[in-house]
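Trainee: Please find one structure pasted underneath; my questions will follow.
The values are calculated or read from the model by the stated rules, or taken from the named source; none is laboratory data. Just so it is clear, the model here is predicted, and its values are computed rather than measured. For neighbour counting, all protein chains shown are included, and Cβ atoms are generated from backbone atoms with ideal geometry for every residue, glycine included.
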Amino acid sequence: MHVAQSLSSLRLDTASPTPLFRQLYEAIKGAILSGQINPGMQLPPTREFALILGVSRQTVLNAFSQLTAEGFLSGTTGKGTFVSENLPISSNRNLPGSTMPPPALRPLSGRGQRFVGQETFLNTHNGIPKAFRIGMPGIDVFPFDIWARLEARRWRRPDYQLGYGDPAGYRPLRELLAAYLRASRGVHCSPEQVIVTSGSQQALFLIASLLLSPDDAAWVENPGYQGTNAVLHAAQARVCAVPVDDQGICVSLGIENHPDAKLAYVTPSHQYPLGVTMSLQRRLELLDWAARNKMWVVEDEYDSEYRYTGRPLASLQSLDKAGCVIYVGSLSKVLFPALRLGYLVVPPSLADAFARGKAVLDRHTPSVPQAVLADFIAEGHFIRHIRRTREVYGERRAALMEALDTQLADEMQMGPTDAGLHLTVALKRNHNDRAVVQAALQQGVEARALSQFYATRDHAASGLLLGFAAVAPPQIRHGVAILRTVLKS
Ligand SMILES: Cc1ncc(COP(=O)(O)O)c(C=O)c1O
């Protein structure tokens with residue numbers, strides 16, 4: 001087929017914002033790459049081509065010149081322009097009617113498959129919050145006006161470095177976080193031990209990558225947080241599910257079944273997803289085993305700011321004498337998840353390694369949100385926001401508990417209710433919790449099935465996780481009424 005014939009169907013769009021020469025360049029490049037015109041073929045002389053296309057000769061010259069610079073075309077003045085001979089392109093590829101199969105997809109590596117294999121972790125939630133969205137704070141009470149003012153001020157006077165920053169994070173923020181954690185959770189730390197991360201997910205990823213070798217055993221709570229399981233699978237660790245009872249992770253079972261574990265991941269303030277607080281006895285048992293067996297303990301305090309009754313127990317990190325606890329925190333609950341800010345407190349001996357690891361991952365977490373957060377904390381807005389949201393979420397929690405009590409007491413058994421942003425309920429009759437979640441979703445109500453959080457389905461309890469922070473009491477009551485219709489149908 002002659003080139004002019006091949007390109008005869010070419011139409012350039014004069015109304016398009018893309019310049020005509022660019023459209024022509026794309027069209028010829030596409031024709032070469034798809035095998036419509038082959039190496040060695042001659043293109044029409046520029047004047048003639050311009051006439052055929054109804055464009056200026058300059059448009060054709062510009063397109064040819066770009067294609068020549070990129071090696072698709074070659075030619076000398078007077079001799080004409082040709083599709084380059086030495087392009088590694090086989091002729092007649094992907095022509096309509098061609099029998100050549102599409103190129104085979106390359107499979108992921110074994111490591112890659114483990115990296116992305118945790119399907120249950122792929123939940124995104126955006127849009128207007130609904131009852132009973134999990135993991136979502138009440139953005140209706142977030143002081144966006146203040147945040148916007150602080151951010152605008154930072155951009156007006158970007159007096160901090162706009163080049164590559166400290167991989168461990170913006171120093172003033174690390175100082176403020178260290179002071180906050182010392183005062184609120186008794187965490188023993190200096191700013192040097194604080195590493196700012198892009199959410200606690202990245203903190204967990206760093207921990208697994210830096211502290212575990214392939215096939216090392218790691219305890220996780222069962223039921224437990226899927227974000228951690230995903231990270232441990234990605235690190236090629238052996239994930240050892242250890243049951244949780246009403247005192248938290250059953251340390252003795254962990255010791256009995258997986259004594260060689262190098263790491264234990266726990267959520268002691270508010271076990272995810274059951275909501276249990278780890279007893280002091282278990283905390284001491286865990287720390288004692290970890291110290292004697294050189295096991296790391298990862299303490300994930302993702303929502304410890306929210307406790308509605310009783311006093312919080314001391315953090316594991318504050319009780320640790322052997323330097324085996326790594327403390328992980330998140331701003332996702334106390335501010336909002338899309339901010340992607342979290343932090344780690346590591347023993348002093350690991351601070352340098354974690355900063356280097358963080359640099360390898362992404363150099364550092366974006367500087368501007370870190371600086372804005374530092375201002376937000378330094379000017380007192382952070383503590384005010386925590387106080388205010390504690391009150392608001394306390395009301396939302398009370399509305400949910402009351403509605404469940406009056407409308408669904410015969411269907412559900414409430415789990416612990418003294419902390420966090422969600423309530424976990426067990427389903428009394430033999431309901432399939434995943435089917436209940438699907439049916440509720442059809443009626444505009446979100447919930448998560450408790451059985452999803454278990455390592456295996458055989459011993460999974462049936463229940464629902466109901467987030468109460470994201471919406472106001474009337475929506476909560478409406479949501480419970482819908483759950484009632486679903487469970488009674
Ligand atoms: C147990 C647990 N840890 C951490 C997080 C927060 O993760 P991130 O800071 O990556 O948003 C969550 C969020 O739902 C969680 O449930």
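Trainee: Any idea how many residues of segment 225-278 are among the β-branched types (Val, Ile, Thr) and assigned to a loop (DSSP other than H, G, I, E, B)?
Mentor: 3
Trainee: Of the residues that make up segment 192-208, is at least one modelled with pLDDT of 95 or more, away from the ligand (no atom under 16 Å from the Cβ) and not in a loop (DSSP other than H, G, I, E, B)?
Mentor: Yes - at least one qualifying residue is present in segment 192-208.
Trainee: Mind listing whichever residues of segment 401-452 are assigned to a loop (DSSP other than H, G, I, E, B) and without any contact (Cβ under 8 Å) to a residue 12 or more places away in the chain?
Mentor: Answer for segment 401-452, where residues must be assigned to a loop (DSSP other than H, G, I, E, B) and without any contact (Cβ under 8 Å) to a residue 12 or more places away in the chain: just ALA409.
Trainee: When you check SER252 against the structure, is it closer than 28 Å to GLU192 by Cβ, modelled with pLDDT of 95 or more and not aliphatic (A, V, I, L, M), yes or no?
Mentor: When the stated conditions are applied, SER252 does not pass them.
Trainee: Go through (1) within 13 Å of the ligand (Cβ to nearest atom); (2) in contact with a helix residue (DSSP H, G or I) (Cβ under 6 Å, 6 or more places away or on another chain); (3) small (Gly, Ala, Ser) one by one and return the number of the condition GLY357 breaks.
Mentor: It fails just one condition, (1).
Trainee: Just to be sure I understand the filter: pairs with C-beta atoms under 8 Å, separated by 6 or more residues or on different chains, first member in segment 124-137 and assigned to a loop (DSSP other than H, G, I, E, B), second member of a type in the set (Lys, Arg) and within 14 Å of the ligand (Cβ to nearest atom). Which pairs pass?
Mentor: Every condition considered, the pairs that remain are HIS125/ARG133; ILE134/ARG448; GLY135/LYS333; PRO137/LYS333.
Trainee: Something else: How about segment 24-35: which of its residues are farther than 15 Å from PHE82 by Cβ and surrounded by fewer than 19 Cβ atoms within 10 Å (Cβ to Cβ)?
Mentor: If the condition is that a residue be farther than 15 Å from PHE82 by Cβ and surrounded by fewer than 19 Cβ atoms within 10 Å (Cβ to Cβ), then GLU26, ALA27, GLY30, LEU33, SER34, GLY35 are the ones that fit.
Trainee: Give me the pairs: first residue in segment 217-237 and without any contact (Cβ under 8 Å) to a residue 60 or more places away in the chain and within 11 Å of the ligand (Cβ to nearest atom), second residue part of a helix (DSSP H, G or I) and among the aromatic types (Phe, Trp, Tyr), beta-carbon distance under 8 Å, and six or more apart or on different chains, which are they?
Mentor: Filtered contacts from segment 217-237: VAL231/PHE205.
Trainee: Next question, about the same structure. Could you please let me know if VAL242 is touching a residue at least 12 places away in the same chain (Cβ under 8 Å), within 15 Å of the ligand (Cβ to nearest atom) and aliphatic (A, V, I, L, M)?
Mentor: no
Trainee: Within segment 156-173, how many residues are aliphatic (A, V, I, L, M) and assigned to a loop (DSSP other than H, G, I, E, B)?
Mentor: 2
Trainee: Where residues in segment 257-269 are touching a strand residue (DSSP E or B) at 6+ places or on another chain (Cβ under 8 Å) and more than 14 Å from ARG282 (Cβ to Cβ), which of them is nearest to the ligand (Cβ to nearest atom)?
Mentor: Among those residues, the one meeting the criterion is TYR265.
Trainee: Next up: Please find, within segment 330-345, the residue that is surrounded by the most Cβ atoms within 10 Å (Cβ to Cβ) out of those that are more than 9 Å from the ligand (Cβ to nearest atom) and under 12 Å from GLU301 (Cβ atoms).
Mentor: Filtering first and then ranking leaves VAL345.
Trainee: I'd like the full set of residues that are small (Gly, Ala, Ser), assigned to a loop (DSSP other than H, G, I, E, B) and more than 16 Å from the ligand (Cβ to nearest atom), limited to segment 279-312.
Mentor: Answer for segment 279-312, where residues must be small (Gly, Ala, Ser), assigned to a loop (DSSP other than H, G, I, E, B) and more than 16 Å from the ligand (Cβ to nearest atom): SER279, GLY310.
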